[in-house]
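Down below is the structure, laid out as structure tokens.
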Amino acid sequence: MKFDLTNQARILTVVSELSRNIYRYAGTGHIEFELVEQARKKGIRIISTDEGCGIPDIEKAMQKGYSTSGSLGVGLPGVRSIMDEFKLESTPGKGTRVEAVKWQLR
């Protein structure tokens with residue numbers, strides 16, 4: 001599978017943002033990559049998992065411009081906007097899991 005340059009940059013940006021969130025908010029975690037196939041599409045799923053403090057208000061965290069660290073607040077909303085699928089699960093005190101998929105049409 002080969003993504004065009006634009007989608008390669010998007011995928012790289014997502015990995016960078018998710019890695020930065022693990023480093024900044026959780027301290028430790030990991031990122032996994034899975035090749036996925038569905039109907040007439042192939043893609044890549046990026047899964048970020050940590051056991052940090054979690055996100056107490058997911059709705060607020062997904063608003064562009066919101067930040068608890070003084071950053072620009074575009075990380076998670078940016079990931080959601082540039083990927084084709086996005087799923088965020090977080091439990092305060094237990095950690096966060098983000099799944100993001102970028103599809104490539106066959």
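Values quoted throughout were computed directly from the atomic coordinates according to the rules given, and no laboratory measurement underlies them. Owing to the predicted nature of the structure, the values given are computational and were not obtained by experimental measurement. Please note: Cβ atoms are built from the backbone with ideal geometry, for glycine as well, and neighbour counts cover all protein chains shown.
Structural descriptor for the chain: relative contact order 29 percent, calculated from alpha carbon pairs under 8 angstrom and at least 6 residues apart. Of all aspartates and glutamates in the structure, the ones whose alpha carbon falls short of 17 Å from that of LYS2, not counting any fewer than 8 places away in one chain, are GLU34, GLU37, ASP84. Exposure proxy ranking for LEU5, LEU76, LEU88, based on other Cβ atoms within 10 angstrom of each Cβ and starting from the fewest, stands as LEU5, LEU88, LEU76.
How high is the FRET efficiency from ARG24 to PHE3, r the C-beta distance, R0 35 Å, rounded to 0.05?
FRET efficiency, ARG24 to PHE3: 0.85.
Each label was represented as a point 7 Å from its Cα along the Cα-to-Cβ direction; for GLU89 and GLU51 these points are 1.6 nm apart.
Modelling each spin label as a point 7 Å along the Cα-to-Cβ direction, I'd like the SER81/ILE58 distance in nm, to one decimal. It is 2.1 nm.
Each of GLU89, GLU32 has some number of other Cβ atoms within 10 Å of its Cβ, and from fewest to most they run GLU32, GLU89.
The alpha carbon radius of gyration of the chain, expressed as a multiple of 2.2 N^0.38 Å, is 1.07.
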